[in-house]
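Below is one structure, written out as C-alpha cells, with a few remarks after it.
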C-alpha cells in the first residue's frame, strides 16, 4: 500500500450522502472512488483494487451485504465499513458476520467518520510487512510515525490525517527550503486536482493546531509571504 495513494471505494445510493463522504475522504487525503449501487461497486472494486471499502446496506440491484460477500470471496483481508441507516442490532451482527470491520449508523457526524476511517487506515498500514512500513522521522521537537498516522512530542500523542502526514513528509524531505504553493499542492493533492485558493492555507492552519505548541507563533512550519512555506528542523 502506497501512503501517497491510499484509495477508498464508497458505495452509496443517496447522492447527497455519497458526495458528503467523498468530500470528507478527499479532505483527509484519500483517493475516493464513488459507486451509486452494488453493481458499480463490484466493477470498481475489480478494476481499481482499493485499499478499503465503505458500503451502504440498502442499495438497488445488489445490497451492501451482497457486495461484502463478493468482496470477501476475492479478498479476505481488505477492511470493509458498513455505513447505513439500518440500526437494529441484527443488522450490525449480520454485517460483522459477513466480514465487515466496522459499522457506522446514519445520521453520522464528520468527526465520527474521520475517526473510524483513520482507525481502519492504521490497521491497513500496521498490517504491512515491517520492511514496507515508512520509518519515523523528526521535525523540530516532534517525531512523526507515518504508518501510525500519528506524531509524538514527549508523552503527547498527536493524531494526524493522511494529508497531514503527506505534508510533513514533504517538509522533512526539504529542510530549510522554501516550498512554493504549486509544489506543495502537486505533491500532496496531485497534478490533476484544482483546489480553491484557500485550500492549502486552511490545511496548514489545521496542521499547525495539531503540531505547534503555539499555532499563532509557529516554530515548525514557517510562512514565507508571497511564496509558500518552509520547515525549520
Taking the convex hull of the alpha-carbon atoms of segment 1-73 and averaging its shadow over every direction gives an area in square nanometres of 4.5
The chain - mean residue ellipticity at 222 nm from DSSP helices (-39,500 (n - 2.57) per run, n ≥ 4, rounded to 500)
-12500 deg cm²/dmol
Can you tell me the orientation of helix 110-126 relative to the chain, as the angle in degrees between its alpha-carbon axis and the longest Cα principal axis, to the nearest 10?
90
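Using Cα pairs closer than 8 Å and at least 6 residues apart in sequence, work out the relative contact order for the chain, in percent.
14
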Can you put 177, 216 in order of Cβ neighbours within 10 angstrom, beginning with the fewest?
216, 177
With Cα atoms, 0 to 90° folded angle of helix 162-173 axis to the chain main axis:
30
Spin-label model distance (nm) - residue 181 vs residue 76, 7 Å beyond Cα toward Cβ:
5.1
Using every pair of alpha-carbon atoms in segment 137-231, split the distances into 10 Å bins beginning at 0 and state the percent of pairs per bin, rounded to integers.
16, 53, 28, 3
For 44, 21, what's the fewest-to-most ordering of other Cβ within 10 Å of each Cβ?
44, 21
Please compute the Cα-Cα pair-distance distribution of the chain with 5 Å bins starting at 0, giving whole percents from short to long.
1, 6, 14, 17, 17, 15, 11, 9, 6, 3, 1, 0
Convex hull of Cα atoms in segment 3-126, direction-averaged projection (nm²):
6.8
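Among 155, 148, 12, which comes first, then next, by fewest other beta-carbon atoms within 10 Å? Walk me through the numbers on the way to the answer.
On the way: 155 5, 148 20, 12 26.
Least to most surrounded, the residues fall as 155, 148, 12.
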Report, to the nearest 10°, how far helix 64-74 tilts away from the longest principal axis of the Cα atoms in the chain, using its own Cα long axis and a range of 0 to 90°.
80
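All of the numbers you see were taken from the coordinates with simple rules; none came from a lab. Remember, predicted model here, so these are calculated numbers, not experimental data. Glycine also receives a Cβ, built like all others from the backbone with ideal geometry; neighbour counts cover every protein chain displayed.
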